[in-house]
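Undergrad: First the structure, which I've put down as structure tokens, then a few questions once you've had a look.
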């Protein structure tokens, strides 16, 4: 009886051990030879965060599972899958600049658990949310131009510059400017070449777009005089400029592109140290002095004549 009891105990132990061994065996998977990796190609859309992944044709494919950094982001029976890495940048889904591992697992009747994943790495640049802007210019009159921005956006501010000097800020994408010579102009005006530039600020681009520029030419009349002048230094900081042309005329004097005086006299004096904070500048340094002459037969003004002077320090 004791021998029978021992035998029964040994039999039970062997059965339990065999059962545990059977449960520890791994689950059977599809034959690797029947489940090869399904490859894909990648296409990048220029100037965007969109990447399009196209799986190679696979016989009897039922479903394509797409993963980004081990996160399932899409499942479809279509071989093409597009993903925009710039749409959501809060970290809730893969997105933003960086490197990403893209993997494809395909389900087929022979591979119900999916093929071996095929993976590739893609690099996504930082999103540039500032659009490209261009300018078109239309001459309405000899001295009047209308400039139009290619970007007409809501809540936009348009900053207009002439020869790098800010001259206006508008909320409209179209802007007109009269280059006719006259007082109150923030920059030089009259005949000559001018570079007009635009910068646009929108909520998506708070730092402003790249400058868009157009070069404009204002032609002088054929009967305009030459605007020459001579320079006399009266003291270390005071200069007198005298035009060679002394007929009935208006003389427009510019210092570093800023109108410093308009007068009916052919002579103009300026003290460069009396007001260092003036719009035209002051203090020691180099200055471009320019003159434009207006006569009854040359109402648009002559071509600019310029000379450079140097104001020495008095200390």
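Read-outs: derived from the displayed coordinates by stated rules, not from any lab. Computed from a prediction, not measured in an experiment: that's the story for all the values here. Counting neighbours? That spans all protein chains shown, and the Cβs are built from the backbone with ideal geometry, glycine included.
Undergrad: Using just the Cα positions, wrap segment 63-123 in a convex hull and report its mean projected area in square nanometres, one decimal place.
TA: Working: hull surface 17.2 nm².
Seen from a random direction, the Cα hull of segment 63-123 projects 4.3 nm² on average.
Undergrad: Another question about this same structure. For residue 93 and residue 113 in one chain, what is 0.36 nm times their gap in residues minus the Cα-Cα distance, to one decimal in nm?
TA: On the way: separation 20, 0.36 × 20 = 7.20 nm, distance 2.48 nm.
Taking residue 93 through residue 113 to full extension adds about 4.7 nm, to one decimal.
Undergrad: I've got another one for you. Could I have the simple spin-label model distance between residue 274 and residue 62, label points 7 Å from Cα toward Cβ, reported in nm to one decimal?
TA: Spacing of the two 7 Å Cα→Cβ label points: 9.3 nm.
Undergrad: Grab the Cα-Cα distance for residue 78 and residue 211, subtract it from 0.36 nm times how many residues apart they are, and report the gain in nm with one decimal. The partial results should precede the final answer.
TA: Values: separation 133, 0.36 × 133 = 47.88 nm, distance 4.28 nm.
Going from the current span to full extension adds 43.6 nm.
Undergrad: Let me ask something else about it. Efficiency by 1/(1 + (r/R0)^6): what FRET value for residue 204 and residue 265, r their Cβ-Cβ distance, R0 = 35 Å, to the nearest 0.05? List each step's numbers first, then the result.
TA: Details: r = 53 Å, r/R0 = 1.52.
Once rounded, the FRET efficiency stands at 0.05.
Undergrad: Could you compute the FRET efficiency for residue 238 and residue 297, with r as their C-beta to C-beta distance and R0 at 41 Å, rounded to 0.05? Kindly include the intermediate steps, with their values, before the conclusion.
TA: Values: r = 34 Å, r/R0 = 0.82.
The calculated FRET efficiency here is 0.75.
Undergrad: Return the distance in nm (one decimal) between the two label points of a simple spin-label model at residue 70 and residue 45, each offset 7 Å from Cα along Cα→Cβ.
TA: Using points 7 Å along Cα→Cβ, the separation is 3.0 nm.
Undergrad: Scattering from the C-alpha atoms of segment 229-311 alone, worked out with Debye: what is log10 I(q)/I(0) at q = 0.11, 0.12 1/Å?
TA: Ignoring solvent entirely, the Cα scatterers give -0.27, -0.33.
Undergrad: Between residue 126 and residue 54, 0.36 nm times their residue separation minus their Cα-Cα distance comes to what? Walk me through the numbers before you get to the answer.
TA: On the way: separation 72, 0.36 × 72 = 25.92 nm, distance 2.35 nm.
Length difference between fully extended and current span is 23.6 nm.
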